[in-house]
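The values are calculated or read from the model by the stated rules, or taken from the named source; none is laboratory data. Everything numeric here is computed off the predicted structure, so don't read it as measured data. For neighbour counting, all protein chains shown are included, and Cβ atoms are generated from backbone atoms with ideal geometry for every residue, glycine included.
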Ligand code: NAD
Ligand code: UDP
């Protein structure tokens with residue numbers, strides 16, 4: 001941390017250093033949170049995960065300015081008795097651990113449900129029993145489909161924000177049938193939210209629930225065959241990056257008509273830091289964290305990424321930049337989709353005064369620059385390698 005001036009919270013009080021038990025610290029969001037906490041705050045982090053590749057640069061060497069403030073614990077929260085001790089010795093637990101890639105929801109529904117509900121139960125219990133604060137990561141997907149998606153295509157009400165804006169305290173959660181196993185994730189996350197809320201109401205657990213709306217940026221997921229399995233299917237940013245790096249057409253699932261709002265990871269973690277350092281304003285709340293101004297269809301995202309990738313790589317785009325694939329072909333049986341996700345920002349504005357800043361073109365440029373620098377050479381080498389006979 002630079003300088004020695006006291007850091008103040010939103011009410012002008014000095015922020016005291018705390019210890020945070022961060023579960024899932026080795027993932028995409030966790031790695032950015034650890035980086036921010038180390039470089040901008042005096043807090044200590046117990047970084048819990050089964051992997052640490054994305055935070056290795058923060059753990060070594062011992063000469064790093066934050067050495068002694070971040071400690072990695074290789075723990076699988078499914079079955080490790082050390083977890084309670086770590087939660088007990090921390091002031092706050094941040095739980096990010098989850099299976100959270102849509103390709104898993106309908107193909108590994110049991111793992112998805114266990115990971116997003118059952119495995120998190122001890123975390124909630126240890127926080128509640130030991131009177132420790134919990135910031136739990138849920139998802140925007142718990143809203144499911146919009147009310148508007150059930151209206152006739154030509155209904156003028158589809159244009160009315162009341163039918164599509166997603167609001168923490170009033171929007172319903174609308175999932176497809178049980179056969180549509182896509183919703184196993186959203187349903188498990190919803191039950192976990194309800195459990196945490198009930199622990200707050202009945203046992204006084206001090207909690208905050210975060211609903212991320214498509215946070216994107218460097219270190220998100222993996223590139224299949226490079227730092228993840230060759231047949232793995234990551235989230236859309238990494239799928240499209242992989243296609244661009246390999247000069248393959250980007251695959252548009254069911255025509256790429258679904259809409260998403262994307263927020264830059266560096267904006268989003270500012271919101272989480274405000275929650276960490278302003279407990280009085282964050283406790284007891286559920287927060288949408290997204291950028292309502294960055295809405296695009298998946299097709300538009302593919303077109304924008306193709307254009308930006310040409311700029312950062314200096315390569316012309318291929319002749320057929322996108323192809324359509326059915327969701328059954330791409331994800332298998334039981335896939336379904338959220339049609340539109342625009343977060344209402346009233347609560348986070350009021351409680352924490354947070355607003356996202358980065359426009360979509362800018363975040364795509366910095367992210368694709370990172371993807372190109374990190375992976376282009378490795379991809380070239382795999383493509384050049386002769387296939388073993
Ligand atoms: P991620 O997959 O990159 O990170 C999750 C981390 O949790 C991984 O490093 C994984 O190894 C770890 N983990 C999983 N199970 C574990 C276990 N049993 N024990 C120990 N570690 C375990 O995902 P992310 O994008 O960083 O997401 C973090 C959280 O935010 C998740 O709860 C996810 O559901 C939620 N979320 C993220 C987004 C987004 O836009 N990135 C959107 C909605 C919800
Ligand atoms: N998608 C796509 N092509 C891909 C990967 C994803 O068209 O190669 C679509 C997917 O069907 C969904 C959207 O992109 O409509 C966002 O998918 P992501 O995996 O990022 O997660 P989600 O936002 O659905 O949670």
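For the reader, a short list of remarks on this structure follows.
- Which numbered condition residue 99 fails, given (1) surrounded by fewer than 16 Cβ atoms within 10 Å (Cβ to Cβ); (2) near ligand 1 (Cβ under 10 Å from one of its atoms); (3) not in a helix (DSSP H, G or I): (1)
- Failed item in (1) within 28 Å of residue 33 (Cα to Cα); (2) within 16 Å of ligand 1 (Cβ to nearest atom), with residue 110 passing the rest: (1)
- Some residue of region 257-264 being part of a helix (DSSP H, G or I), more than 17 Å from residue 330 (Cβ to Cβ) and at pLDDT 95 or above: no
- Hey, residue 137 without any contact (Cβ under 8 Å) to a residue 24 or more places away in the chain and either in contact with a strand residue (DSSP E or B) (Cβ under 6 Å, 6 or more places away or on another chain) or on the phi > 0 side of the Ramachandran plot (or both) or not: no
- Flag for residue 307 being assigned to a helix (DSSP H, G or I), within 25 Å of the chain's Cα centre (by Cα) and within 16 Å of ligand 1 (Cβ to nearest atom): no
- Filter pass, residue 379 being more than 14 Å from ligand 2 (Cβ to nearest atom), closer than 28 Å to residue 105 by Cβ, assigned to a helix (DSSP H, G or I) and touching a strand residue (DSSP E or B) at 6+ places or on another chain (Cβ under 9 Å): no
- Residue check, residue 349 surrounded by 13 or more Cβ atoms within 10 Å (Cβ to Cβ) and without any contact (Cβ under 8 Å) to a residue 24 or more places away in the chain: no
- Enumeration of residues in region 124-153 that are in a loop (DSSP other than H, G, I, E, B), at pLDDT 95 or above and over 15 Å from residue 209 (Cα atoms): 130, 131, 145, 146, 151, 152
- Residue 137 vs. criteria in contact with a helix residue (DSSP H, G or I) (Cβ under 8 Å, 6 or more places away or on another chain), under 15 Å from residue 100 (Cα atoms) and surrounded by fewer than 22 Cβ atoms within 10 Å (Cβ to Cβ): no
- Looking only at region 173-189, residues that are in contact with a strand residue (DSSP E or B) (Cβ under 8 Å, 6 or more places away or on another chain) and surrounded by fewer than 23 Cβ atoms within 10 Å (Cβ to Cβ) come to 4 in all.
- Meets criteria (at pLDDT 95 or above, within 13 Å of ligand 2 (Cβ to nearest atom) and outside any helix (DSSP H, G or I)) for residue 205: no
- Selection count, region 196-220, where residues are more than 12 Å from ligand 1 (Cβ to nearest atom) and closer than 24 Å to residue 106 by Cβ: 0
- Among residues of region 8-28 that are free of Cβ contacts under 8 Å to residues at least 60 places away in the same chain and farther than 30 Å from residue 82 by Cα, those with a Cβ under 6 angstrom from a residue that is in a loop (DSSP other than H, G, I, E, B) and away from ligand 2 (no atom under 16 Å from the Cβ), sequence gap 6+ or separate chain, pair up as 14/6.
- Region 233-262, residues that are surrounded by fewer than 21 Cβ atoms within 10 Å (Cβ to Cβ) and away from ligand 2 (no atom under 12 Å from the Cβ): 246, 247
- Scanning region 317-351 for residues that are touching a helix residue (DSSP H, G or I) at 6+ places or on another chain (Cβ under 8 Å), assigned to a helix (DSSP H, G or I) and within 30 Å of residue 271 (Cα to Cα) yields 348, 351.
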